[in-house]
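Everything below concerns the one structure shown next.
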Amino acid sequence: AFREQLAEKLRREQLPRAVRYLVCADPPGPRIGNGGSTLHALRCLEEQYGDQWTSFTVLLIHSGGYSQRLPSASALGKIFTALPLGEPVYQMLELKLAMYIDFPRHMKPGVLVTCSDDIELYSTGVTEAITFDKPGFTALAHPSDLAVGTTHGVFVLDPSSFSGKGGLEYGSCYRFLHKPDVETMQQSGAVCVRRDRPQPSSPGSCGDSAVASECVYTDSVFYMDHSTAQQLLHFYKQMGTLGCEIDAYGDFLQALGPGATADYTKNTSHVSKEDSGLVAVRQQLYSLLRGTALNVIVLNNSQFYHIGTAQEYLFHFTAESNLRFELGLQPVAFSIFPDSARTLDHLSIIQSILEPGCVIGPGSVIEYSRIGPEVSVGKGSIVSGSYINFNADIPSDCFMSSVSVKITDRVEYVTMVFGVGDDLKKGVKLLSDIHSLQFFGVSLPECLDLWSLEASEQLFSSEGTRLGLWTARIFPVCSTLSESVRMSLNMLNAVQHKSAFKLSGFQLFSVEEMLTYKDVEDMLKFRKQIYGEICLQRQKEKSDY
């Protein structure tokens with residue numbers, strides 16, 4: 001999916017030509033986390049380019065993960081999340097390259113590591129450049145509220161190397177804390193007091209007036225120079241296979257700085273799956289990296305944004321968010337949109353075709369979709385990759401995303417629908433506990449009754465491991481895209497109005513299965529058709545004008 005999308009961008013000249021693009025998937029077997037992926041990617045670079053890579057400046061973007069908190073990104077990749085910006089639209093990949101465009105010329109050979117669903121915006125003086133030229137690790141640091149610190153990495157800065165003034169400062173880090181609680185931040189000396197000029201407050205920024213406010217410096221992007229990368233690669237080759245999930249932030253950065261201790265190697269509270277070998281691997285990494293410098297580039301005028309959950313995505317794209325203002329996000333980007341519907345500003349229409357007569361509620365995002373004249377979408381909903389050519393009411397706070405699947409050489413379609421707040425990560429071990437799973441605010445067993453489905457082990461696609469919304473086989477497979485939307489809306493209506501809708505006659509897929517059987521080519525073809533029509537419309541407008 002990634003290679004196909006990259007090739008298409010290069011064909012359309014939407015990406016820099018002189019850059020080499022390499023896609024590497026994790027090796028088969030147990031999950032290895034973004035830390036394991038980082039090590040594996042270094043190995044792929046060496047295999048692909050031999051000694052050449054010693055001179056490369058590399059941008060390494062993690063874009064795996066199931067994207068369970070924003071499943072519209074699951075099938076084609078988080079790094080290809082579209083933004084309501086540009087003609088044609090930018091995706092996260094282009095935004096990353098644009099944001100980091102000044103970095104390579106001030107960077108010695110090495111690797112800059114970033115995620116695919118975060119955005120770092122900063123301003124520095126005209127003459128100030130962000131330079132990555134020191135041995136060891138160098139990380140960007142952003143001032144944040146203490147609450148933000150609890151879900152991020154936090155730097156304990158060496159006070160002698162850092163004043164807290166100016167837009168950009170180079171300092172050294174005494175110790176790195178991974179998702180610490182407030183007490184730990186205070187005890188370890190991570191909390192700074194800022195006296196700032198007045199600035200508008202936003203979620204995660206420090207204060208809104210010149211009064212003193214407490215903040216911590218949190219992580220985002222980090223760089224390692226080539227010899228450090230080489231060291232890690234050597235370690236990975238010696239290990240052979242990892243067999244456990246390593247975190248590039250927690251397990252690399254916590255080993256660094258003069259104040260680092262090995263205590264974290266035994267703490268597994270933030271680990272998604274308990275692994276027998278994890279503590280041992282962490283201890284080996286700790287002894288390998290101990291004593292390596294952690295340099296910090298403090299960006300006092302900066303903001304870190306995350307758009308990896310449905311709530312954050314909706315807030316930043318449709319509400320009065322700072323990000324929307326700072327990036328100039330548009331209510332309608334590269335779409336065919338009837339003038340009659342242009343009244344609302346609080347929405348986000350991305351590469352879609354909407355017909356006159358349709359109504360889109362405030363706070364909703366429509367991407368890569370065709371919406372017919374008799375469609376109304378409620379408030380705060382997400383519609384992705386769908387075709388709705390019939391009379392339909394999509395309720396408020398609804399998440400809808402359509403996926404093409406290939407079953408025995410035939411392309412078919414499945415549309416997942418959920419409440420925006422439904423927890424797709426949650427799973428239970430026992431069938432008797434599935435009443436704690438909520439679909440659109442209704443307990444799953446109640447929904448199954450309305451759909452005439454039997455609660456059994458066979459209802460879930462992961463045999464007896466995790467029973468949850470992610471693995472529940474509840475979505476009908478249909479022969480056309482619009483029919484799959486219609487059927488999924490029927491099942492949602494049944495739950496909302498407590499009326500029956502029989503699913504027992506359909507072939508049913510879980511979200512997990514949709515991703516296993518997805519047909520990337522067909523999904524991209526649908527997007528391409530929309531793209532082509534919008535381009536034609538733009539040309540026509542130009543010639544009319």
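The values are calculated or read from the model by the stated rules, or taken from the named source; none is laboratory data. Predicted, not measured: the structure shown is a model, and the values here were computed from it. Please note: Cβ atoms are built from the backbone with ideal geometry, for glycine as well, and neighbour counts cover all protein chains shown. The area values use the complete protein model at the heavy-atom level, side chains included, leaving out ligands, DNA and RNA. Shrake-Rupley method; radii C 1.70, N 1.55, O 1.52, S 1.80 Å.
Structure values in brief
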{"item": "Cβ-defined net charge surrounding residue 370, 10 Å radius [Lys, Arg +1; Asp, Glu -1]", "result": "-2"}
{"item": "Hull shadow area, averaged, region 1-70 [alpha-carbon convex hull, nm²]", "result": "6.1 nm²"}
{"item": "Relative compactness, region 423-533, computed as alpha-carbon Rg over 2.2 N^0.38 Å", "result": "1.15"}
{"item": "Probe 1.4 Å - accessible area at residue 174, Å² to nearest ten", "result": "110 Å²"}
{"item": "Backbone HN-Hα couplings from phi across region 26-31 [Karplus 6.51/-1.76/1.60, Hz, Gly and Pro as x]", "result": "4, x, x, x, x, 5"}
{"item": "Cα centre as origin, Lys/Arg/Asp/Glu Cβ charges: the chain dipole, Debye", "result": "720 debye"}
{"item": "DSSP bridge pairs, region 331-532: antiparallel proportion in percent, nearest 5", "result": "50 percent"}
{"item": "Angle in degrees between helix 278-289 and the longest Cα principal axis of the chain, rounded to the nearest 10", "result": "40 degrees"}
{"item": "Given charges at beta-carbon only (K, R positive; D, E negative), |dipole| of region 274-408 in Debye", "result": "420 debye"}
{"item": "In order through region 56-62: 3J(HN,Hα) via Karplus (6.51 cos²θ - 1.76 cosθ + 1.60), integer Hz, x for Gly, Pro", "result": "7, 9, 10, 9, 10, 10, 6"}
{"item": "For residue 392, distant residues with modelled amide H under 5 Å away", "result": "375, 376"}
{"item": "For residue 296, distant residues with modelled amide H under 5 Å away", "result": "139, 171, 172, 173"}
{"item": "Spatially proximal lysines relative to residue 134 (Cα-Cα < 27 Å; intrachain offsets below 8 disregarded)", "result": "96, 108, 165, 179, 237"}
{"item": "Residue 12 accessible area, assembled protein chains, probe 1.4 Å, Å²", "result": "70 Å²"}
{"item": "Residues of type lysines that residue 498 reaches as a straight line, Cα spacing below 25 Å, ignoring anything fewer than 8 places off in the same chain", "result": "379, 426"}
{"item": "Protection-proxy order for peptides 487-499, 424-436, each taking the mean of Cβ atoms within 10 Å per residue, highest first", "result": "487-499, 424-436"}
{"item": "Accessible area (Å², 1.4 Å probe, nearest 10) - residue 304", "result": "40 Å²"}
{"item": "Solvent exposure, largest accessible area first (probe 1.4 Å, DNA, RNA and ligands not counted), of 128, 183", "result": "183, 128"}
{"item": "Spatial separation of Cα centroids for region 71-123 and region 151-167, in angstrom", "result": "25 Å"}
{"item": "Residue-count net charge about residue 37 - beta-carbon cut-off 13 Å; Lys, Arg +1, Asp, Glu -1", "result": "-2"}
{"item": "Within region 1-75: Cβ-based charge dipole about Cα centre, in debye rounded to nearest 20 (Lys, Arg +1; Asp, Glu -1)", "result": "280 debye"}
{"item": "Distance between region 482-545 and region 228-305 - C-alpha centres, whole angstrom", "result": "41 Å"}
{"item": "Calculated over region 310-390: convex hull of Cα atoms, volume per residue (Å³)", "result": "77 Å³"}
{"item": "Mean residue ellipticity (222 nm) of the chain, computed from DSSP H runs ≥ 4 via -39,500 (n - 2.57), nearest 500", "result": "-8000 deg cm²/dmol"}
{"item": "Fully extended contour minus Cα-Cα distance, from residue 126 to residue 325, at 0.36 nm per residue", "result": "69.5 nm"}
{"item": "Set of aspartates and glutamates near residue 525 by C-alpha distance (under 17 Å), chain-local residues within fewer than 8 positions excluded", "result": "4, 8, 367, 409, 412, 533"}
{"item": "Heavy-atom accessible surface of the chain: percent carbon and sulfur, 1.4 Å", "result": "51 percent"}
{"item": "Among 539, 346, 372 the positive-end extreme of the charge dipole of the chain (Cβ point charges)", "result": "539"}
{"item": "From the coordinates shown, volume of the Cα convex hull per residue in Å³ corresponds to which of [x] 377; [y] 275; [z] 172", "result": "[z]"}
{"item": "Calculated over region 331-532: convex hull of Cα atoms, volume per residue (Å³)", "result": "110 Å³"}
{"item": "Environment charge at residue 298 (Cβ cut-off 11 Å; Lys +1, Arg +1, Asp -1, Glu -1)", "result": "0"}
